[in-house]
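Enquirer: Right, I'll just put the structure down here and ask away after.
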Amino acid sequence: TITPSDVDGGSTDNCGVTPTGLSQTTFSSVGVYTVTLTVEDPSGNTSTCDATVTVTDNQPPVAICQDITLQLDVTGNVTITGTDIDGGSTDNGSIVSYTASQTAFDCTHLGANTVTLTVTDDGGNSSTCDATVTVEDNITPTALCQDITIQLDGTGSATITGSDIDGGSTDNCTVSSLTASQTTFDCTNLGANTVTLTVADQSGNTSTCTSTVTVEDTELPQIICPSDIHVSTDLGLCEAVVTYATPVGTDNCASPVTTMTSGLVTGSTFPVGVTTVSYEVVDTSGNTSSCSFTVTVTDAEEPTISCPSDITVDFDGACQFTLPDYTGGATASDNCSLVGDIALTQSPLAGTVITADQVVTLTATDESGNSTDCSFTITTEDTTLPQISCPSDITTTTDLGLCGAVVTYTTPVGTDNCSGVSTSMTSGLASGDTFPVGSTTVTYEVTDTSGNTSSCSFTVTVTDEESPVAVCQDITVNLDGTGTVTITPSDVDGGSTDNCGVTPTGLSQT
């Protein structure tokens, strides 16, 4: 409130002046006002002038706050104004503004937030107070599920989390947790399983949806075969009994089925050669695995062979012998190969010419390449007689004055199919010797290195055609008591001579 004197700036009058009135004396709000001052002199004369009255307020308002609770909207936001937290602030004048230190809130402000309210009056004076703005979220999340297919691992297990079946669940704030009603699966859960997903936000609001979790087992079952087996045929047989550890399949789920798909079971008789044995395991989901190994039966048994007995053969005319094919005289057998399939070979080969005793080896080789030898000895003999030819018989007369004749002839020389013969005279006289009168048989013998002998003979006949010379001598003889006497031819031989010698043979009287 003001008086006229407050705005009188020194009004004057010739008789003196008195401020008598104002157009406005009371002000209830700050501001700039134009007021009219009326002055009056004692004679009642008046005049006016305008004065500017500026009203100010230096008395701060009284700020009073109130706590409030807010709910976030579907976008996760909420806003306030200063008046929302004003609890009845007052002022001597008028309050022109209510300013909150924070007006926008989102999911990051959930809970109690201290907000300062600044109250300003029309005089520019202000005061503050604090309000607690509690931000709440009571909007449930939107649960969205997705169906999934999972695979069991090698242990027959599989696990999921809520996020695995989340199909994009949303919230006006933040989805704080995704919880699946079932997270662990095993072989008993094969197929479709209904799983509930609970979606919770950070304020504890929840919603649910369901997902189909299909559990599959694509894990292959396991099966391990023995290592490859190598054996020889059983004695005397073209096969072998083979035993092995029968493979048994395993799986991450129970009760796989194991079957043999090729080959022979353990303990069977396996033929010569390579037999592939295969096993297969199938689990309850139809997954299969297989393994294989080979059983190799080798015929390492040698065939048997029987050779002909030792034989003795004669050399031919060339003192040699050509080996024939003796394989036809051998007897061979084998545990696998038929007789006709056993190869028989000979060493030395048929057609080989030998000149001495020879060991012949026959070899039997079966179809697997096993071989056996046997041998026999060929003893060579030379039974061919050596040849010798003697001269024809010889007839001749004694040499003059001799009782014999020097006879020459071609000395026989023996020949043989083999070399090394020796020729000798076994009777008679050699060529150039003096043969006596009469017949002399000359025999030659030839002997080869094998002791075979041959001989030939011829006669040398020497005749004496030369006459003797008779020489007599006279003799005197005396009669005996009977009156007789006897003489011999020798008594009267006086030295008769002959080239061969002479014998007195007769007397005309004796």
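Enquirer: Would you check if there is a residue in the stretch 476-486 being among the acidic types (Asp, Glu), under 28 Å from Ala405 (Cα atoms) and without any contact (Cβ under 8 Å) to a residue 60 or more places away in the chain? Steps first, please.
Expert: Filtering the stretch 476-486 down to residues among the acidic types (Asp, Glu) leaves 480.
Filter once more, keeping what is under 28 Å from Ala405 (Cα atoms): none.
There is no residue in the stretch 476-486 that is among the acidic types (Asp, Glu), under 28 Å from Ala405 (Cα atoms) and without any contact (Cβ under 8 Å) to a residue 60 or more places away in the chain.
Enquirer: Now, a different point. Name every residue in the stretch 425-444 that is among the aromatic types (Phe, Trp, Tyr) and either out of contact with any strand residue (DSSP E or B) (no Cβ under 7 Å at 6 or more places or on another chain) or touching a residue at least 40 places away in the same chain (Cβ under 8 Å) (or both), in order of residue number.
Expert: Tyr444
Enquirer: Can you tell me which of Leu344, Leu429 is open to solvent by 30 Å² or more (accessible area, probe 1.4 Å) and closer than 30 Å to Ser306 by Cβ?
Expert: Details: Leu429 fails: closer than 30 Å to Ser306 by Cβ.
Just a single option satisfies the conditions, and that option is Leu344.
Enquirer: A further question follows. For the stretch 1-51, name all the residues that are under 30 Å from Ile95 (Cβ atoms), open to solvent by less than 40 Å² (accessible area, probe 1.4 Å) and among the aliphatic types (A, V, I, L, M).
Expert: Hits for the stretch 1-51 are Ile2, Val7, Leu22, Val30, Val35, Ala51.
Enquirer: Looking only at the stretch 272-294, count how many residues are open to solvent by 30 Å² or more (accessible area, probe 1.4 Å), without any contact (Cβ under 8 Å) to a residue 60 or more places away in the chain and part of a strand (DSSP E or B).
Expert: Qualifying residue count, the stretch 272-294: 3.
Enquirer: Does at least one position in the stretch 198-214 carry a residue that is within 22 Å of the chain's Cα centre (by Cα), open to solvent by 50 Å² or more (accessible area, probe 1.4 Å) and not charged (D, E, K, R)?
Expert: Here is the first cut: in the stretch 198-214, the residues within 22 Å of the chain's Cα centre (by Cα) are none.
No - not one qualifying residue is present in the stretch 198-214.
Enquirer: Does any residue of the stretch 356-371 turn out to be within 54 Å of the chain's Cα centre (by Cα), without any contact (Cβ under 8 Å) to a residue 24 or more places away in the chain and under 30 Å from Asp234 (Cβ atoms)? Spell out how you get there, then give the answer.
Expert: Narrowing the stretch 356-371 to residues within 54 Å of the chain's Cα centre (by Cα): 358-371.
Next, from what is left, pick out any that are without any contact (Cβ under 8 Å) to a residue 24 or more places away in the chain: 359, 361, 369.
Next cut, under 30 Å from Asp234 (Cβ atoms) only: 361, 369.
Yes: the stretch 356-371 contains one or more residues that are within 54 Å of the chain's Cα centre (by Cα), without any contact (Cβ under 8 Å) to a residue 24 or more places away in the chain and under 30 Å from Asp234 (Cβ atoms).
Enquirer: Going by the conditions given, is Val360 β-branched (Val, Ile, Thr) and surrounded by fewer than 17 Cβ atoms within 10 Å (Cβ to Cβ)? Show your work before the answer.
Expert: Values: β-branched (Val, Ile, Thr): yes; surrounded by fewer than 17 Cβ atoms within 10 Å (Cβ to Cβ): no.
It is false that Val360 is β-branched (Val, Ile, Thr) and surrounded by fewer than 17 Cβ atoms within 10 Å (Cβ to Cβ).
Enquirer: Taking Leu152 as the residue in question, decide whether it is open to solvent by 30 Å² or more (accessible area, probe 1.4 Å) and touching a residue at least 40 places away in the same chain (Cβ under 8 Å).
Expert: Working: open to solvent by 30 Å² or more (accessible area, probe 1.4 Å): no; touching a residue at least 40 places away in the same chain (Cβ under 8 Å): yes.
So Leu152 fails the test.
Enquirer: Among the residues of the stretch 165-174, is any in contact with a strand residue (DSSP E or B) (Cβ under 7 Å, 6 or more places away or on another chain) and within 30 Å of Asp251 (Cβ to Cβ)? Quick ask: steps written out before the conclusion?
Expert: Going through the stretch 165-174, the residues in contact with a strand residue (DSSP E or B) (Cβ under 7 Å, 6 or more places away or on another chain) turn out to be 165-167, 169-171, 173-174.
Subset that is within 30 Å of Asp251 (Cβ to Cβ): 165.
Yes, the stretch 165-174 contains at least one residue that is in contact with a strand residue (DSSP E or B) (Cβ under 7 Å, 6 or more places away or on another chain) and within 30 Å of Asp251 (Cβ to Cβ).
Enquirer: Another one. Can you tell me how many residues in the stretch 102-136 are surrounded by fewer than 16 Cβ atoms within 10 Å (Cβ to Cβ) and outside any strand (DSSP E or B)?
Expert: Residues that pass the stated criteria total 4.
Enquirer: Additional query: Looking only at the stretch 90-101, count how many residues are more than 11 Å from Cys65 (Cα to Cα) and buried (at least 18 other Cβ atoms within 10 Å of the Cβ).
Expert: Counting residues in the stretch 90-101 that are more than 11 Å from Cys65 (Cα to Cα) and buried (at least 18 other Cβ atoms within 10 Å of the Cβ) gives 3.
Enquirer: Here's something else I'd like to know. Please report, ordered by residue number, the strands (runs of 3 or more DSSP E) entirely within the stretch 368-442 with at least 2 residues that are over 30 Å from Cys336 (Cβ atoms) and in contact with a Ser or Thr (Cβ under 7 Å, 6 or more places away or on another chain). Before the answer, list the steps.
Expert: Details: elements: 371-381, 394-397, 404-406, 422-427, 434-436.
Answer list for the stretch 368-442: 371-381, 394-397, 404-406, 422-427.
Enquirer: Can I ask one more? Between Thr383, Thr395, Thr408, Thr441, which is closer than 30 Å to Gln320 by Cβ, open to solvent by 30 Å² or more (accessible area, probe 1.4 Å) and of a type in the set (Ser, Thr, Tyr)? Working first, answer last.
Expert: Working: Thr395 fails: closer than 30 Å to Gln320 by Cβ; Thr408 fails: closer than 30 Å to Gln320 by Cβ; Thr441 fails: closer than 30 Å to Gln320 by Cβ.
Going through Thr383, Thr395, Thr408, Thr441 in turn, the sole match is Thr383.
Enquirer: It is to be established whether one or more residues within the stretch 301-315 are within 39 Å of the chain's Cα centre (by Cα), of a type in the set (Ser, Thr, Tyr) and either farther than 29 Å from Asp373 by Cα or open to solvent by 60 Å² or more (accessible area, probe 1.4 Å) (or both).
Expert: Within the stretch 301-315, the first condition is being within 39 Å of the chain's Cα centre (by Cα), and the residues that meet it are 301-304.
Those still in the list that are of a type in the set (Ser, Thr, Tyr) too: 304.
Among the residues that remain, those that are also either farther than 29 Å from Asp373 by Cα or open to solvent by 60 Å² or more (accessible area, probe 1.4 Å) (or both) are: 304.
Yes, that holds for at least one residue.
Enquirer: When the residues of the stretch 485-499 are filtered to those that are open to solvent by 40 Å² or more (accessible area, probe 1.4 Å) and of a type in the set (Ser, Thr, Tyr), which remaining residue is farthest from Val469 (Cα to Cα)?
Expert: Thr486
Enquirer: With the requirement that a residue be surrounded by 12 or more Cβ atoms within 10 Å (Cβ to Cβ) and within 13 Å of Thr304 (Cα to Cα), what does the stretch 318-340 give you?
Expert: The answer is Ala330, Thr331, Ala332, Ser333, Asp334, Asn335, Cys336, Ser337, Val339.
Enquirer: Tally time: how many residues in the stretch 137-148 are open to solvent by less than 50 Å² (accessible area, probe 1.4 Å) and in a loop (DSSP other than H, G, I, E, B)?
Expert: Summing the residues that are open to solvent by less than 50 Å² (accessible area, probe 1.4 Å) and in a loop (DSSP other than H, G, I, E, B) in the stretch 137-148 gives 4.
Enquirer: Could you go through the stretch 368-378 and let me know if any residue there is open to solvent by 30 Å² or more (accessible area, probe 1.4 Å), closer than 19 Å to Ser427 by Cα and among the acidic types (Asp, Glu).
Expert: no
Enquirer: Continuing with this model, one more query. Just to be sure I understand, how many residues within the stretch 54-89 are crowded, with 18+ Cβ neighbours inside 10 Å, over 15 Å from Thr103 (Cβ atoms) and without any contact (Cβ under 8 Å) to a residue 60 or more places away in the chain?
Expert: Looking only at that region, the number is 1.
Enquirer: Tell me, yes or no, whether the stretch 119-139 has at least one residue that is under 29 Å from Leu72 (Cα atoms), touching an Asp or Glu at 6+ places or on another chain (Cβ under 6 Å) and among the hydroxyl-bearing types (Ser, Thr, Tyr).
Expert: yes
The values are calculated or read from the model by the stated rules, or taken from the named source; none is laboratory data. Predicted model only: the values in this text are computed from it and were never measured. Cβ coordinates were reconstructed from backbone atoms using ideal geometry, including for glycine residues, and neighbour counts include every protein chain displayed. For the accessible areas, the whole protein counts, side chains as well, though only heavy atoms, and no ligand, DNA or RNA atoms are used. Shrake-Rupley method; radii C 1.70, N 1.55, O 1.52, S 1.80 Å.
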